[in-house]
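Chemist: I am attaching a structure below and will ask some questions about it afterwards.
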Amino acid sequence: MISIAVCDDNRPALEKLAAILREICGRYWEGFEIRTFESGESLLEAHEKAPFDILFLDIRMPGMDGFSAAERIRRQGGKRVSVIFVTSQEELVYQVFPYAPYAFIRKRSDGLIRKDLEDVIRRLSGEYLQETCLKLETAYHVAEYVRVR
């Protein structure tokens, strides 16, 4: 089961992105779940309980922005997470590099964003179909997730 989170403070944009992703993901994976969040804080809380495999993050949000959420999730360690930043502010492209994103997608017309999402999901599907995730516990009962190809 591929677990996907979509986070955007703009409800119409969030719903549109999630709907497009449901359609695209259904063509690549039999088992996937998409959950939506309107704040970085609510995303982080859910991720701490059950880590996501893939995150689609808006960058500019009130409170915890996408950069802060990505940084906190990376610091948690554990399961590898593919972070995809989705924003209408193209000028932020160079500011995403410290967060090691899988991709950067610009919010554009429905047709163009659909094409960009299709490209990202196609690439991710190849990786997730070839990998198995093993959970290892250290002597101090700390869980580590390791992907094996």
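The values are calculated or read from the model by the stated rules, or taken from the named source; none is laboratory data. Quick caveat: nothing in here was measured; it's all calculated off a predicted structure. Cβ coordinates were reconstructed from backbone atoms using ideal geometry, including for glycine residues, and neighbour counts include every protein chain displayed. Areas reflect the complete protein model, heavy atoms only, side chains present, ligands, DNA and RNA absent. Shrake-Rupley method; radii C 1.70, N 1.55, O 1.52, S 1.80 Å.
Chemist: Pick from the stretch 64-106 the residues that are open to solvent by 50 Å² or more (accessible area, probe 1.4 Å) and part of a loop (DSSP other than H, G, I, E, B): which of them is farthest from Ser3 (Cα to Cα)?
Modeler: Here the answer is Gln89.
Chemist: A further question on this structure: What residue, among those in the stretch 132-149 that are loosely packed, with under 13 Cβ neighbours inside 10 Å and charged (D, E, K, R), is modelled with the lowest pLDDT?
Modeler: Arg149
Chemist: Only one of these conditions is not met by Phe52: (1) over 11 Å from the mean Cα position of the chain (by Cα); (2) more than 19 Å from Lys107 (Cα to Cα); (3) not hydroxyl-bearing (Ser, Thr, Tyr); (4) not in a helix (DSSP H, G or I). Which number is it?
Modeler: If we test Phe52 against (1) over 11 Å from the mean Cα position of the chain (by Cα); (2) more than 19 Å from Lys107 (Cα to Cα); (3) not hydroxyl-bearing (Ser, Thr, Tyr); (4) not in a helix (DSSP H, G or I), just (1) comes out false.
Chemist: If you check every pair at least six apart or on different chains, which have Cβ atoms under 9 Å apart with a residue in the stretch 128-143 that is assigned to a strand (DSSP E or B) and of a type in the set (Ser, Thr, Tyr) first and a residue that is at pLDDT below 65 and surrounded by 10 or more Cβ atoms within 10 Å (Cβ to Cβ) second?
Modeler: These pairs meet every condition: Thr132/Arg147.
Chemist: Something else: Hey, among the residues in the stretch 11-42 that are open to solvent by less than 50 Å² (accessible area, probe 1.4 Å) and touching a helix residue (DSSP H, G or I) at 6+ places or on another chain (Cβ under 7 Å), which one's modelled with the lowest pLDDT?
Modeler: Trp29
Chemist: Can I ask one more? Asp53 versus (1) charged (D, E, K, R); (2) over 13 Å from Val6 (Cα atoms); (3) touching a Ser or Thr at 6+ places or on another chain (Cβ under 6 Å): which is the lone unmet condition?
Modeler: (2)
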